[in-house]
1. If the Cβ limit is 6 Å and pairs must be 6+ apart or interchain, which residue in the range 263-283 that is surrounded by fewer than 20 Cβ atoms within 10 Å (Cβ to Cβ) pairs with which residue that is part of a helix (DSSP H, G or I) and of a type in the set (D, E, K, R)?
2. Those residues that are without any contact (Cβ under 8 Å) to a residue 60 or more places away in the chain and not acidic (Asp, Glu), I need them from the range 137-164; list them, please.
3. Which numbered condition in (1) in contact with a strand residue (DSSP E or B) (Cβ under 8 Å, 6 or more places away or on another chain); (2) among the β-branched types (Val, Ile, Thr); (3) in contact (Cβ under 8 Å) with a residue 60 or more places away in the chain; (4) within 15 Å of residue 125 (Cβ to Cβ) is the only one that residue 59 fails?
4. So which residues in the range 166-181 are more than 11 Å from the chain's Cα centre (by Cα) and either buried (at least 24 other Cβ atoms within 10 Å of the Cβ) or not polar (S, T, N, Q) (or both)?
5. What is the residue count in the range 72-107 for residues that are buried (at least 22 other Cβ atoms within 10 Å of the Cβ) and either modelled with pLDDT under 95 or farther than 19 Å from residue 59 by Cα (or both)?
6. For the structure I just gave you, tell me whether residue 229 is touching a residue at least 60 places away in the same chain (Cβ under 8 Å) and small (Gly, Ala, Ser).
7. Could you say which residue among 60, 31 is modelled with pLDDT under 95, on the phi < 0 side of the Ramachandran plot and charged (D, E, K, R)?
8. Taking the range 231-242, which residues are surrounded by fewer than 19 Cβ atoms within 10 Å (Cβ to Cβ) and not in a helix (DSSP H, G or I)?
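The values are calculated or read from the model by the stated rules, or taken from the named source; none is laboratory data. Since this is a predicted model, take the numbers as computed values, not measurements. FYI the Cβ positions are ideal-geometry reconstructions off the backbone, even for glycines, and counts take in every protein chain you see.
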Amino acid sequence: MSILVIGKTGQVAQELAKLPEVICIGRDEADLTAPEQVSHAIHAYTPSAVINAAAYTAVDKAEEEEALATLINGDAPGVMARDCAVLGIPFVHISTDYVFDGGGTQPWQPDAATGPLGAYGRSKQAGEEKVRAAGGAHAILRTSWVVSAHGNNFVKTMLRLGAERDALNVVADQIGGPTPAKDIALACHGMAQQLNQSPDKAGTYHFAGAPACSWADFARAIFDQAGLSCAVSDIPSTAYPTPARRPLNSRMDCTTTKTVFGIKRPDWRASLTEILNELGAVK
């Protein structure tokens, strides 16, 4: 079974590239700002399944570039899903907790009403809607707080700042599940394989690391495992204003992902150890 991955340099794409029977293509072959290029690539490779691991992820910049974000996160996945439906092959699309408004304290169910707070979330919501409308065998996998040893992410930022400073103020009222890119890659890979055999499993699913924590608690865990003596002080989101509002509640109910696909939530604490080992940052 050959799986075509749209994306090459992102955190999840780099992990997918390590898996069997995977071909990753980058912007040179599939520029998401020109969706017809992506369509051509899918038909040229004739894969058994397609995973979209590419996206516009600059959350704050999206407030100024919503049209571009929507082209990449909305229109391009719609084209991918349409072509996969025409070819009769599964399509797995990675989405985000940002499609929700972050209200309440209960974990978000996959069928909960969406209500994005900003341009990035709206662009991802648009992508979800177009993927569903294509009518093919698909899995939309919403995830949160992606981390790995690659690219720019919270773990690497904390390691850098923790080595430079004795103390940090970190937001404590945003709660979610740090999710290792490696586990997201394995989940997407597994879902693509299962959808190939059982297209009736199509739908929207959640996948996030456990247990839920705040960014401040996550920072403490990073410093503890890395042996960095940097004190963390809890602050509210209002004390760290950003152009785009972040959802306060990013807890996600992942029950159906386990029930339907047999894919369990990863324990981010164990995965954090792996990431730090890969970065050579364990005490």
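1. Qualifying pairs under 6 Å: 264/258.
2. Scanning the range 137-164 gives 152, 157, 160.
3. Against the list (1) in contact with a strand residue (DSSP E or B) (Cβ under 8 Å, 6 or more places away or on another chain); (2) among the β-branched types (Val, Ile, Thr); (3) in contact (Cβ under 8 Å) with a residue 60 or more places away in the chain; (4) within 15 Å of residue 125 (Cβ to Cβ), residue 59 comes up short only on (1).
4. The answer is 166, 167, 168, 170, 171, 172, 173, 175, 176, 177.
5. The qualifying residues number 7.
6. Here the answer is yes, as residue 229 does meet what is asked.
7. 31
8. Correct list: 231, 233, 234, 235, 236, 240, 241, 242.
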